[in-house]
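Structure, as structure tokens:
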Amino acid sequence: MNSSKDIRIQLDRIAQIINRDFGVIDERENKIYYSGESNNAFNTITVPEELKNDIEDSDFLQKDGYSFFRYAGSDSTVYLYMKSRDNTENDRRLLELAALAYENKEQIQKSAVNHFYQSLLIDGPKSVNQSELTQYGIKGEHGYVVVNIYISSEDYISNSESSSITVLLKGIFSQFQTYKIVILNSQKYAVVFGINEEKDEYEQIIETSTTIRDTLASELMVDAYVSVGSLVARLTEISISYKDAETAREAGLVFGLDKECYVYDKMGIEKLIYGLPIRNCVSFLKETLGVEFLKDKNAKELLYTVKTFLYNNQNVSESARALYIHRNTLVYRLDKFNKLTNLDSTKFEEGMKIGIALMIMKYLEKKAPGELEFER
Amino acid sequence: MASVVFKNIYKRYPGGVTAVNDFNLEVADKEFLVLVGPSGCGKSTTLRMVAGLEEVTSGELLIDGKLVNDIAPKDRDIAMVFQNYALYPHMSVFENMAFGLKLRKTPKGEIKKRVHEAARILEIEHLLDRSIKALSGGQKQRVALGRAIVREPKVFLMDEPLSNLDAKLRAQMRTEIIKLHQKLQTTVIYVTHDQVEAMTMGSRIVVMKDGYIQQVETPQRLYERPVNMFVAGFIGTPQMNFVNCRVEKINDDIFLRIGRWTIKLPEVKAKRLEEGGYIDKEVVMGIRSEHVHDEAMYLEAYKDSQIESTVEVLELLGAESLVYMMLEGHMFIAKIKPRHNIYVGDTMRFALDPNKIHVFDKDTENVITN
Ligand SMILES: Nc1ncnc2c1ncn2[C@@H]1O[C@H](COP(=O)(O)OP(=O)(O)O)[C@@H](O)[C@H]1O
Ligand SMILES: [Mg+2]
């Protein structure tokens, strides 16, 4: 049985009050609970397909001597069943009452679990105790990783319940076995994954995470930023993974990386530049490109041209094609850049300097836009 | 069903990027409009503003005649299909399509009706009870479309929905989406970076670059009458040949001089160049590879517009061959009927169809004559 001790005690009491053995099964066919010393036939009951299938409008069904009731809670569905005895209406009422009592207790437990993970993610391992860790912790034999979801649509945050987002995340991640969805506030959600398969699970989590943004947009019409933290070994270290996910998102937004999902472990050189002192950055720009160039009103266009040239392996034809300009125009612009900066983009070392300068400029544009105003 | 009108729309992101500049466009009711342009040109931003996922910085956006700048996305009567959609692996096809409606607390009977109707249109009624995991790529794509259809929106917004599919499935789904549009009779705005996709799907195409609209036209007119070198080069494969040349007037005729070759222009084009004051100036000639001919018939017909060059690369594509050459320092490609007797290193003579020559201003890159 998958239920916690608290819930089991509650359900045992319900069984006493309604004076009948009953069981609870979740959406994925896990037996959450069955009461008393029920016989084997009772324990091996499965939910009839007719009831599971949402196409049917009724939430109650009697079959093969058992009564079944489907209960749609705020973010998940459970099935309750017992031996049929009384008239249909009575059986239905009893199961519905049992469902309500179960849901109530489960909500209390859920908020305790949520609180535990919230503390662990934001305040770190010192904020939780050992017994909570044993009780609420998830298993991750090959480590843990945190996925952050940041909702940026303001009208949505103020007008809707968080449950639709958790329901949707559950749907998206339903192929994974071990994870917890944590509500941090109405704008921020985190999913903590325990990694237990040796192969590819981490990659699959990243891959699935890249679908969250588009799915949230098409199903709930909200805009979100998704980021994936680093892989950590222990559950007590998930605050590190969480912080890395935050960094990945912030840096991703600054550098305009692939918008679907920002992955800390795949950020590349941006990871180094992000967090550099502003002073050093400005100094480097002045040194490499020169103040004269930075003042030039064509600087932006020239830099973009040079960037494209570098990204196309310094191949003139391909760069011209990528820029949709004539190759002569390209050669002219590269030449002009060379004259203004004294940097030759066809040389490796100078090309590298230009590349870093470009990233630093992008960083400053977001972090300290005032610093880039070299005029006056 | 609804029109979508953009009036002087701008989008500036915090940090300074102006992603969309003075965007003006009227998308008619029931139209299938394609936005195309290279990555980063502002297509997604434009679409996301229509959806309400991004705020409009300035300008007016109207859906069905109503100003929607301040209307929440869910109240705009639109549905979106994106590239990176997820289906819910543990649910049936029915549940996948019903999911969004359920989240919005749509009554059960209504959900059932809409899902069955969408499934009928998509011809996947027989799959409704199947698990998602058991579906083929094309069937999954249809379920994703179904999810949008059940919303019964006035406008469909599609942002590169086929980009994650392999080439064969992509081609098949293009046709499916066109058919779907005909069945649904709804306004569609479709975004792609792929000009082939744009040309095969759009009844009208908007070409964008750097946040600016370059041209709005039907596919054919876009191909035949590009307004500038960007559009000319972006639309069509292989890319249009561009060659720098000089305009010369000899007696009463106007020629384009490319090294030792001269190309005589037809009267209408000649007139444009003369009126524009381009005599003795440098311009850029553009010609598509299929208008560069090696057959005797054309060599006979276009005696005054011929060039010669050495074959550098030969690409055999089956129904046609591409001949790559250098012409006055520019790569130049001819698309010809396949022949066996051409080899790399051969010198070949070509006739350029003078009626198909485009001439562009060298500085502004705008077209002078098409
Ligand atoms: N959230 C954002 N913040 C800052 N800049 C952005 C954001 N989203 C997009 N951009 C920038 O806006 C421009 C247009 O992007 P986008 O609309 O995604 O282009 P496309 O869909 O044509 O590839 C790009 O320069 C991109 O970097
Ligand atoms: Mg895009």
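Every read-out reported here was derived from the displayed coordinates using simple, explicitly stated rules and does not represent laboratory data. This one's a predicted model, so the numbers in the text were calculated from it and none came from an experiment. In this analysis, Cβ positions are derived from the backbone assuming ideal geometry, glycine residues included, and neighbour counts consider all displayed protein chains.
A few comments on the model shown:
- In chain A, a dipole from Cβ-located charges (positive for Lys and Arg, negative for Asp and Glu) runs towards its positive end, and of A:Val228, A:Gly370, A:Ile183 it is A:Gly370 whose Cα lies farthest in that direction.
- Region B:1-29 residues near the modelled B:Glu60 label - backbone nitrogen below 20 Å, point 7 Å along Cα→Cβ: B:2-12, B:21-29
- The length gained on full extension between B:His116 and B:Ile250, counted as 0.36 nm times the residue separation minus their Cα-Cα distance, comes to 41.1 nm.
- Cleavage-rule hits (trypsin sites (Lys or Arg not before Pro)) in region B:340-370: DSSP loop, at most 14 neighbouring Cβ within 10 angstrom: none
- Cubic angstrom per residue, convex hull over Cα atoms of region A:138-273: 102 Å³
- The charge dipole of region B:299-343, taken about the Cα centre with unit charges on the Cβ atoms of Lys, Arg (+1) and Asp, Glu (-1), comes to about 180 debye, rounded to the nearest 20.
- For region A:5-109, the alpha carbon convex hull comes to 101 Å³ per residue, rounded to a whole number.
- With a simple spin-label model that places each label point 7 Å from the Cα along the Cα-to-Cβ direction, the separation between A:Asn342 and B:Val311 comes to 5.1 nm.
- About the Cα centre, charge dipole magnitude for region A:276-372 (Lys/Arg +1, Asp/Glu -1 at Cβ), debye: 240 debye
- Charge-dipole axis of the protein assembly as shown as Lys and Arg at +1 and Asp and Glu at -1 on Cβ define it, positive-most pick from B:Leu352, A:Leu303, B:His90: A:Leu303
- A straight line joining the Cα centroids of region B:193-244 and region A:223-255 runs 41 Å.
- A Cβ-based charge dipole, computed about the Cα centre of the protein assembly as shown with Lys and Arg at +1 and Asp and Glu at -1, lands at about 340 debye.
- Residue pairs, from the table A:Lys180/B:Lys133; A:Lys83/B:Lys133; A:Lys188/A:Lys366; A:Lys259/A:Lys362, whose Cα atoms sit over 25 Å apart: A:Lys83/B:Lys133
- Quarter of Cα convex hull surface for chain A, i.e. mean projection, nm²: 25.2 nm²
- Its relative contact order, with pairs defined as Cα atoms under 8 Å and 6+ residues apart, puts chain A at 11 percent.
- For region B:297-338: rounded, prolate or oblate by the Cα gyration tensor [a/c cutoff 1.5]: oblate
- The protein assembly as shown - Debye-derived log10 I(q)/I(0), Cα point model, q = 0.08, 0.10 Å⁻¹: -0.81, -1.13
- Seen through its C-alpha gyration tensor, with square-root eigenvalues sorted a ≥ b ≥ c, chain B comes out prolate because a/c lies at 1.5 or above while a/b is bigger than b/c.
- The Kirkwood radius of region B:226-370, taken over pairs of alpha-carbon atoms, gives through the Stokes-Einstein law at 37 °C and 0.692 mPa s a diffusion coefficient of 212 µm² s⁻¹.
- With at most 16 other Cβ atoms within 10 Å, longest stretch of chain B clear of loop GluC sites (Glu not before Pro) (DSSP): B:124-294
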